[in-house]
Every structure is written in structure tokens, then in C-alpha cells.
Amino acid sequence: MNDSPGWASPGSAPSDGQETGIPQPSSPVDGSGQWSPAQPPPGQWSPPSAPGNGPGAPPPAPGWGGAPQGPGWGGAPAAAKPGVIPLRPLGVGEILDGAVSTMRTHWRTVLGISLTVSVIAEIAVILMQRYLLPAQEPVDPNATGAEALRQATDSAQMQLLNSGPSTFVAMIATLFTTSILTVVISRSVLGRGVTLSEAWAEARPRLLPLLGLTLLLSLMSAGIMAVGLLPGLVLGSGSSGLALVFLGFLASCVVVLWLMIRFTLAAPALMLERQSVLTALRRSAKLVKGTWWRTFGILALTYLLVIVLTLVITIPFGIIAVTLDSGGLSEFLNNSSQDFGWPFLIVTGIGEVIVSTLAYPFTAGVMALLYVDQRIRREALDLDLARAAGVPGYDTSRS
């Protein structure tokens, strides 16, 4: 065993179907199952076989009723915490707090990575919006019937076309930040720092597999959506066709959501275990099995926090941008075809950079710590992590 981010080989893990010979994960230290701190004095109580409270009973042997003598019979010791999380199964708050603690403890590396990537990505998006993407055509609010439907369809197609390049840039930016920040977070679990050059050297060989994983999941989602929408589109634009399109869209969203949660730990497995794309997908499915709803809840809470952060930051920047570019909110509201210039793009771009700089490491941290938590619960990874971190008492080989 070494202290590389891969930590331990998952080959004989319980999730691979081999339950024997694997130590069970540590129990959460929540107060249950431990001796009370206020024990009765020696000689003041009797064994269960001899009722009464009179004197004469021998004092309890060390390690039973007396003070615990190490991690033997005296109850579970407090979990070791060499880094940003305790080495035991984690609660939801501990996962979120671990992600924030990583940002706070290693802020130079974490924010340096996310800020650099965010600035480059936002500059690319602004240049594409200004020079490459077509302008949005205004929609006539007085249009009715077929004309209104045509304008709505054209507007939706234009928005989809305009969002494509920015989505691609965001995907590439997420790849870079996720790959590097996962390495940083894996080291922070062990209580060790890592420089930007070290994190890049560790993550660089995994960029292409991570790109392949991202593209595969994107194509999988697009294929499911196409299959769900195709029957309604073939049926036509009548009421029955529109109803079938709506039902197909809902069904596709449910299937895509289920698959994305099932494979949400594939990226950490690919990065930290040096797995191939398909093996990482299988590893994620095994780790998430039986905890789909818990994983979904943690991710939903994570993205809800990101949405709140986005609104808190982008709304003030948006108001400032509109005021500088269009002469005030009243003029903006009265002119739906406003063509925004550089002041609007630059100010809103600054807001987007701030959001991305904070959101990238937070979401990457939650993903990585979710992966660590599941391996602790299923594969006793806490033992390997404690050994890798040099925690006293964990320096012997596991049988």
C-alpha cells in the first residue's frame, strides 16, 4: 500500500462480490455504543448474577467496566481525522463541510486552478457570443396561432444553437478542474498539501480517459432523449403528437437522471483508481447500488446550494451590467430586442467567473468525498487511508 491517490486496489472489495476476509468499515462515532463518561465507582455495584448494590463486588477489570485501555474492549475510539474528514462513514454535513474545508485549507492551489480555468473559459464564451453566434431575433408578443408557434420554435432553436458552444467550453473547463481538484481533495483527506504542478502531473495522464467518459455519458443521455422524443415527432404536430412528445420527454428525463446518479462516481473512480472508462462506470454502479436515493439527495442539495450561490452573485452583476449597457432597468424592460455590448458582456462575465471559481471546487469536492464515503462504507477504505496518512496504530499490514 502506498499513499498515491488510488489508495487501495478495489479488486477484492465487497462490491466486487467477495465478502469474506475484508474488514468491515468503522462505525460512525455518534455517541451510540460507547461507555458512559460517568461510570459508577469500583465496588459500588454488583454483577447481574448477584442483585443488590452492597459492597463486596470486585472492581471491574481494566478494559471492561473501568477506563478503556486502548481500542480493545473499552468501546470504539474516536475516528482519526488526519485531513479534512474523519476516517469513518460520513454524514451529509461532513461531506459538504469537507469540500469547503478543502477550499479553505488549500485555497492557493484550489482557487488558483479554478480561477485560471474560469477566466479562460469565460473569455472564450464572451468572444463567441460577440463575434461568432448569431443575434437573437425578437419575438412579436402580439403574434397568434401558427405564427406564434413558428416564432417560439425558431427562438428555441436559436437558443439551443447559442448554448451549444458555451456548453462545450463549460464541459472542457469542468474536465480540467475536476481532474486536478480531485487529486487535491484526495491528498487533503490524508492531511497533505499538493502544489499545482504536482496536481497537474498526477491528473494529466487521466485527462483523455476523463474526456472519453464525459463524451460517453453525454452521448448516452442524448440517445435516450432521442429515443423518447422520436415517437411523438414521427406522429406529427397534432395534439396527440405533442402529448406523446411531452410524455416521452418526461420518461427520458427520468431514465437519464437514474443513469447519471448511478454513474456519478465514475469520474472519481477513473481518477483515483486509474481505471478505464468502462471499468469506472461499473465501479460507480457497484458503489451507488443500494444508496441511489441518498446519493441523489446529496447531489440535489449540492446543486441547490450552487444555484443559490449563482443567484446571489449573478443578480447584482446582472443589474449593474444592464444599467451600464442600456441606460437603466426601465429602458431594458421596454426594449426586448436590446443588443448588449461590451460593458454588459464584461460585467456579467466577471460575475460568471466568480461563480465558477467557487462552484467548481465545491462540486468536485462533494463528488470525491462521496466516492471516499462509499468506499469506506463498503470496502473499509478508512483503514487504508489511516495507514497511508501514518495514523498511529494502523501501521501493520491488514490480513
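The values are calculated or read from the model by the stated rules, or taken from the named source; none is laboratory data. Note that the structure is predicted; figures quoted are calculated from it, not measured. For neighbour counting, all protein chains shown are included, and Cβ atoms are generated from backbone atoms with ideal geometry for every residue, glycine included.
Any residue in segment 217-235 that is surrounded by 15 or more Cβ atoms within 10 Å (Cβ to Cβ), at pLDDT 90 or above and not in a helix (DSSP H, G or I)?
Checked against the condition, which is being surrounded by 15 or more Cβ atoms within 10 Å (Cβ to Cβ), at pLDDT 90 or above and not in a helix (DSSP H, G or I), segment 217-235 yields no hits at all.
List pairs: first in segment 276-294 and among the aromatic types (Phe, Trp, Tyr), second assigned to a helix (DSSP H, G or I), Cβ under 6 Å, 6+ apart or cross-chain?
Pairs found: TRP292/ILE261.
Can you confirm whether ALA243 is of a type in the set (A, V, I, L, M, F, W, C) and in contact (Cβ under 8 Å) with a residue 24 or more places away in the chain?
no
Which of the following residues is at pLDDT 95 or above and surrounded by fewer than 17 Cβ atoms within 10 Å (Cβ to Cβ): LEU301, LEU333, LEU329?
Testing whether each residue is at pLDDT 95 or above and surrounded by fewer than 17 Cβ atoms within 10 Å (Cβ to Cβ) leaves just LEU301.
Within segment 175-221, how many residues turn out to be in contact (Cβ under 8 Å) with a residue 60 or more places away in the chain and among the acidic types (Asp, Glu)?
Residues that pass the stated criteria total 1.
Need the failing condition index for LEU381 against (1) under 17 Å from GLU273 (Cβ atoms); (2) out of contact with any Lys or Arg (no Cβ under 9 Å at 6 or more places or on another chain), just the number.
(2)
Identify, from the list LEU133, LEU115, LEU96, LEU90, the residue that is on the phi < 0 side of the Ramachandran plot, at pLDDT below 90 and hydrophobic (A, V, I, L, M, F, W, C).
LEU133
Return the residue satisfying two criteria in turn: it lies in segment 171-197 and is under 19 Å from the mean Cα position of the chain (by Cα) and surrounded by fewer than 18 Cβ atoms within 10 Å (Cβ to Cβ), and of such residues it is modelled with the highest pLDDT.
Step by step, filter segment 171-197, then rank; the result is ILE172.
Give me the helices (runs of 4 or more DSSP H) completely within segment 236-319, filtered to those with at least 3 residues that are over 30 Å from VAL189 (Cα atoms), out of contact with any strand residue (DSSP E or B) (no Cβ under 7 Å at 6 or more places or on another chain) and of a type outside the set (A, V, I, L, M, F, W, C), ordered by residue number.
It comes to 239-262.
Would you please name the residue that is surrounded by the most Cβ atoms within 10 Å (Cβ to Cβ), looking only at residues in segment 81-97 that are in a helix (DSSP H, G or I) and not acidic (Asp, Glu)?
Here the residue is ILE95.
Looking only at segment 76-105, count how many residues are under 20 Å from PRO361 (Cβ atoms) and in contact with a Gly (Cβ under 6 Å, 6 or more places away or on another chain).
5
With the checklist (1) more than 26 Å from THR167 (Cβ to Cβ); (2) surrounded by fewer than 13 Cβ atoms within 10 Å (Cβ to Cβ) in hand, flag the one item PHE246 doesn't pass.
The one condition PHE246 does not meet is (1).
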